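Colleague: Here you go, one structure.
Derivation of every value follows stated rules applied to the coordinates shown; laboratory data play no part. Values in this document were obtained by computation on a predicted structure and should not be read as measured data. All Cβ positions, even for glycine, are placed from backbone atoms using ideal geometry, and neighbour counts span all protein chains on display.
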Amino acid sequence: MTLVAPPIPPDVCSTSAHHTPSEVAILDMATAEKMAHWLGFLADPNRLRILSILAVKPHCVGDLVNLLQMSQSAVSHQLRALRAMGLVQGHRQGRHVIYELHDDHVLTIYETVLAHLSELHGL
């Protein structure tokens, strides 16, 4: 990830107490595109519902099927996609694979978005 400090244009109009343009680091386009793709991937209600369950505790596919009232193939499809994006991981426990959030970063993202929406919309 490369952060770029943009040149300061002579006609900057902001007198805000926020950062001056020379203090702002702007994402390079490649990093911004990767982030947009990753964030766009999260924009699926079923994936978010799975993450909401796994944010509480790990579960196997059968548990998720029952909780979400979705088919096993649909849940498995979403879990494969979530695993491919590095959001969840699974480990074998006997005959079952137990899925959990990949790390605390995923939980932080989930909780931060939920808190923000709660403040805005009283969720």
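Colleague: Suppose R0 equals 35 Å; then what is the FRET efficiency for Ser71 and Met29 from their Cβ-Cβ distance, rounded to the nearest 0.05?
Modeller: FRET efficiency, Ser71 to Met29: 0.35.
Colleague: Mind running the shape call on the stretch 21-120? Use the C-alpha gyration tensor, a ≥ b ≥ c as the square roots of the eigenvalues: rounded below 1.5 for a/c, prolate if a/b tops b/c, oblate otherwise.
Modeller: prolate
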